[in-house]
Structures are given as C-alpha cells and as structure tokens.
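Below is one structure; the comments refer to it alone.
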Amino acid sequence: SDAAISEDEKRYLRQIVEAVEGALQGSSRPLLLAGTVSRTGNIRKDISYKHVLDQTLDGNYEKSATQELYDLCTPILAAHFRAERDSAVEKLASSPPELVVMGKKEIEEAATAGRVATLFLPSYSLTKDSNRPGEDDKLILTLPADINDIETMVQSVLEQSGEIIAVEIGGYDVLDVPKALCRY
C-alpha cells in the first residue's frame, strides 16, 4: 500500500515510470515487469503504458546478469507473441470471405486501396537440424523462389500502415499461402 512505502521510494518509482513511458512512447511493444511483488505492484498502478503484460517476473534481480534476465523473460514473451499470433490468425479464419484476399495481385490492389489491416506471411520454420544437445530450436527463414512478389506485397501493405505477421510454414491450416485481412 501507499502507506507502506516512503516518499523517497514513491518518488523513485515515479521516476522509473516516467523513464519507461518516455522510452516506450509511441510503441506497442509488450512490457514485462520484473522485480519484487511490492515494486512491480506499485509501478503497475502508476504506469499508463497500454501494453504492460499481466504476468510479472517476480523476484529480486538487482544482481542478475543480463543473460540471466534474458533467459527468464524469453519464454514469457514467446508465449505472449504466440498468443497474439494465434488470436490474429483466428480472426483471419473467422472473418467473412469478402475481407480475406490472397494472391500477389489481389493483395497489392487491396493495399493500394488502403484496405489491408494485416498481411500474413508463412515465412519461417523451426528446426532441430544440426543442433547441438541442449541448444534451442533454430529459426529458419524460408524465402520464396520469387522474393520480389513478397517484397512488393510487404511494401504495399506497409505504405498503407498495415501490419505484417510472419507465421510458421505449415503452422496454421488456414495459412498455406500469404493472405491479407482487409479493413472493409
């Protein structure tokens, strides 16, 4: 509670909140709070950044090495990004057919008209090939035979402020080819 922390600590936590919000201004990156329950709780109630994860990394990490924090945060953030991707793909799958386009020409036409909200690109695979024991899976970017098709679609969608979501090849039945979800 507020009564349990000193004015100096409140001021210190406000400075942290201001610095974090300043650094993340205009961003949509997720923010994972790490620290003691008391500290993360006091920061959470004062932070207005909209992308703070519900989950926290509870503990005292003041003397932790950067690699240790990275190793602790990576699975939490990976699960968050996977859930976001799954949700976006579910939205695509449940959208009316008239809002889903595929094929280079159709996607570029929709992007030129400013209609593309999200372009889904099956573009990577995870493999255990040539991994040493104890290593993580490797991310393999799979480029199509005609990379120009992908480049022009991506450029068209980005120019009209659309979002690009790379998905695992074969990861979703609904995404065997690039598809775009349109705004209207």
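Just need a number here: residues in region 149-173 that are open to solvent by 90 Å² or more (accessible area, probe 1.4 Å) and touching a helix residue (DSSP H, G or I) at 6+ places or on another chain (Cβ under 9 Å).
Of the residues in that region, 5 qualify.
Against the definition (open to solvent by 50 Å² or more (accessible area, probe 1.4 Å), among the small types (Gly, Ala, Ser), in contact (Cβ under 8 Å) with a residue 60 or more places away in the chain and assigned to a helix (DSSP H, G or I)), how does residue 93 come out, yes or no?
The answer is yes for residue 93.
Which numbered condition in (1) outside any helix (DSSP H, G or I); (2) over 27 Å from residue 53 (Cβ atoms); (3) at pLDDT below 95 is the only one that residue 150 fails?
Residue 150 satisfies all of (1) outside any helix (DSSP H, G or I); (2) over 27 Å from residue 53 (Cβ atoms); (3) at pLDDT below 95 except (1).
Taking the residues in region 96-116 that are open to solvent by less than 80 Å² (accessible area, probe 1.4 Å) and in a helix (DSSP H, G or I) as candidates, determine which candidate is nearest to residue 29 (Cα to Cα).
The selected residue is 111.
Does residue 84 fit the bill of being open to solvent by 80 Å² or more (accessible area, probe 1.4 Å), within 13 Å of the chain's Cα centre (by Cα) and over 26 Å from residue 148 (Cα atoms)?
yes
Based on what the data block shows, is residue 17 surrounded by 13 or more Cβ atoms within 10 Å (Cβ to Cβ), over 21 Å from the mean Cα position of the chain (by Cα) and not charged (D, E, K, R)?
yes
Restricting attention to region 10-30, does a residue exist that is touching a residue at least 40 places away in the same chain (Cβ under 8 Å), outside any helix (DSSP H, G or I) and among the aliphatic types (A, V, I, L, M)?
There is no residue in region 10-30 that is touching a residue at least 40 places away in the same chain (Cβ under 8 Å), outside any helix (DSSP H, G or I) and among the aliphatic types (A, V, I, L, M).
Scanning region 23-72 for residues that are farther than 22 Å from residue 11 by Cα and among the small types (Gly, Ala, Ser), which turns out surrounded by the most Cβ atoms within 10 Å (Cβ to Cβ)?
Once the filter is applied, the top-ranked residue is 64.
The values are calculated or read from the model by the stated rules, or taken from the named source; none is laboratory data. Nothing here was measured: the structure is a model prediction, and the numbers come from that model. Heads up, the Cβs are rebuilt from the backbone with ideal geometry, glycines too, and the neighbour counts pull from every protein chain shown. To get the accessible areas, we keep the full protein, side chains included, count just its heavy atoms, and leave off ligands, DNA and RNA. Shrake-Rupley method; radii C 1.70, N 1.55, O 1.52, S 1.80 Å.
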